1. Looking at segment 50-63, which of its residues are outside any loop (DSSP other than H, G, I, E, B) and over 20 Å from Ile123 (Cα atoms)?
2. Which number in (1) part of a helix (DSSP H, G or I); (2) of a type in the set (A, V, I, L, M); (3) over 26 Å from Thr24 (Cβ atoms); (4) open to solvent by less than 40 Å² (accessible area, probe 1.4 Å) marks the one condition that Val145 misses?
3. Just to be sure, is Leu80 open to solvent by less than 40 Å² (accessible area, probe 1.4 Å), in contact (Cβ under 8 Å) with a residue 60 or more places away in the chain and in contact with a Lys or Arg (Cβ under 9 Å, 6 or more places away or on another chain)?
4. Of the residues that sit in segment 51-76 and are of a type in the set (Asp, Glu) and surrounded by fewer than 16 Cβ atoms within 10 Å (Cβ to Cβ), which one is farthest from Ala147 (Cα to Cα)?
5. Could you list all residues from segment 1-40 that are within 20 Å of Asp148 (Cα to Cα) and either open to solvent by 90 Å² or more (accessible area, probe 1.4 Å) or out of contact with any Leu (no Cβ under 8 Å at 6 or more places or on another chain) (or both)?
6. Restricting segment 117-141 to residues that are hydroxyl-bearing (Ser, Thr, Tyr) and in a helix (DSSP H, G or I), which is surrounded by the fewest Cβ atoms within 10 Å (Cβ to Cβ)?
7. Taking the residues in segment 83-111 that are open to solvent by less than 30 Å² (accessible area, probe 1.4 Å) and in a loop (DSSP other than H, G, I, E, B) as candidates, determine which candidate is nearest to Ile34 (Cα to Cα).
8. Being open to solvent by less than 50 Å² (accessible area, probe 1.4 Å) and aromatic (Phe, Trp, Tyr): is that true of Phe158 here?
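The values are calculated or read from the model by the stated rules, or taken from the named source; none is laboratory data. Model, not experiment: these values are computed from the prediction. Positions of Cβ are generated from backbone atoms using ideal geometry, with glycine treated the same way; all protein chains shown enter the neighbour counts. Heads up: the accessible areas ignore ligands, DNA and RNA and are worked out on the full protein's heavy atoms, side chains in. Shrake-Rupley method; radii C 1.70, N 1.55, O 1.52, S 1.80 Å.
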Amino acid sequence: MSQKILITYKNADNYFYFQPLVSTTDCKNFNCGISEYNEYLFCDALRSMNDHIALTWLLTERTTEKIVAYMSLIMDAIKLSFSEKELHKLNYPFKTIPSMKIAKLAADREFSKKYKGIGTFMIDTAERLALICNKDYCAARFLTVDADIEHDEGVLAFYEKNGFIPNTESFNKNRKTISMRKDIY
């Protein structure tokens, strides 16, 4: 196979377009290899949007019109300990800090063989959306995620590579996910 194409903000528009999920979107060809994530896109994402629970965004390849990746975003709040707030230089009297959460993030297996950096591009896009939200609509200091270690043990390293750190206030070693945050400022 030829070398993977590295996706960055500078070249992404050449290969993809980014849009919200709509009722006419054909999602059935998407396969990230995790049935729970596929089923969410096929069966639950639109309902979550209609119920104002989550907004799902699609990265679609221009040439094939197929979904390369998706992410669902929600508003969130995280509790930070005193030392965690000090780490981020937050002189804020409350434990709870507003954030935007990546509730789901998945990339199609076939497109992951063709393109490199899809997940990082999606995280960067979520961060840009959070910054736009901060400027125009409502505040979110952090980007958060529950890293799904049940389905992929390497996901922690992926999120850490992208600037996330574990939340100690939410740490529970019996969980199937690890709560993580990225300071967007």
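1. Selection gives Asn50 alone.
2. Result: Val145 passes all but (1).
3. yes
4. Glu65
5. Quick first cut of segment 1-40, residues within 20 Å of Asp148 (Cα to Cα) only: 30-40.
Hits for segment 1-40 are Asn31, Cys32, Gly33, Ile34, Ser35, Glu36, Tyr37, Asn38, Glu39, Tyr40.
6. Thr120
7. My answer is Asp108.
8. No; evaluated as a whole, the condition is false for this residue.
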